[in-house]
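Okay, so here's the structure we're looking at.
The values are calculated or read from the model by the stated rules, or taken from the named source; none is laboratory data. All of these numbers come straight from a predicted model, not from anything done at the bench. Cβ placement follows ideal geometry from the backbone for every residue including glycine, while neighbour counts extend to all protein chains displayed. These area figures cover heavy atoms from the full protein model, side chains too; ligands, DNA and RNA do not enter into them. Shrake-Rupley method; radii C 1.70, N 1.55, O 1.52, S 1.80 Å.
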Amino acid sequence: MTNPELLTQLLRLLAELTEESEGYLEREDDSQRWYNRGYANGMAAALTRLGHGDAVARTVASDPYDRARDQKHLPWGKAYEHGRDMGERETHEVL
């Protein structure tokens, strides 16, 4: 069973990262923004897989991952993919 306080903190971080990385698709010069969006999306994927999909959906809108995935061979796309992997893995580690 997931600690409700920890889940609230993770959802707050998810919302913050998503908001801060808004417009990342148009900012190829900002790999940190791409990393942060990837991390947020990795968190969302892990939380959804762990049974918290409804809470994720109430916190953030779905993201156009297909557009980011098309960029994975470029530096900003690699930052996104690394962020996504880390967000997913670290969310599983804390839950």
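Quick notes on this structure:
- Label point 7 Å beyond Cα of residue 74 along Cβ direction - residues of the stretch 11-48 with amide nitrogen under 13 Å: 24-31, 34
- Over the chain, relative contact order from alpha-carbon pairs under 8 Å, at least 6 apart, %: 36 percent
- Within the accessible area of the chain, the carbon and sulfur atoms contribute 48%, probe 1.4 Å, all protein chains present.
- Counting charges near residue 81 (Lys, Arg +1; Asp, Glu -1) among other residues having Cβ under 9 Å from its Cβ returns a value of +3.
- Considering helices alone, the calculated mean residue ellipticity of the chain at 222 nm is -22000 deg cm²/dmol, with DSSP H runs of length four and up weighted by -39500 (n - 2.57) and normalised per residue.
- For residue 50, the accessible area of its heavy atoms, probed at 1.4 Å with every protein chain present, is near 80 square angstrom.
- Against the main long axis of the alpha-carbon atoms of the chain, helix 75-94 sits at an angle near 10°.
- Residues 82, 52, 92, sorted by accessible area with the largest first, give 82, 92, 52 [1.4 Å probe; ligands and nucleic acids excluded].
- If R0 is taken as 25 Å, the Cβ-Cβ distance between residue 22 and residue 85 corresponds to a FRET efficiency of 0.70.
- Here the chain is treated with +1 on each Lys and Arg Cβ and -1 on each Asp and Glu Cβ, and its dipole about the Cα centre works out to around 220 debye.
- Taking Cα atoms only, the orientation of helix 4-20 departs from the longest principal axis of the chain by about 20 degrees.
- The GNM of the chain, with springs linking C-alpha atoms under 10 angstrom apart, assigns the highest mean-square fluctuation among 31, 21, 62 to 62.
- Annotation: per residue accessible area for the chain equals 60 Å², rounded to a whole number [probe 1.4 Å, protein chains only].
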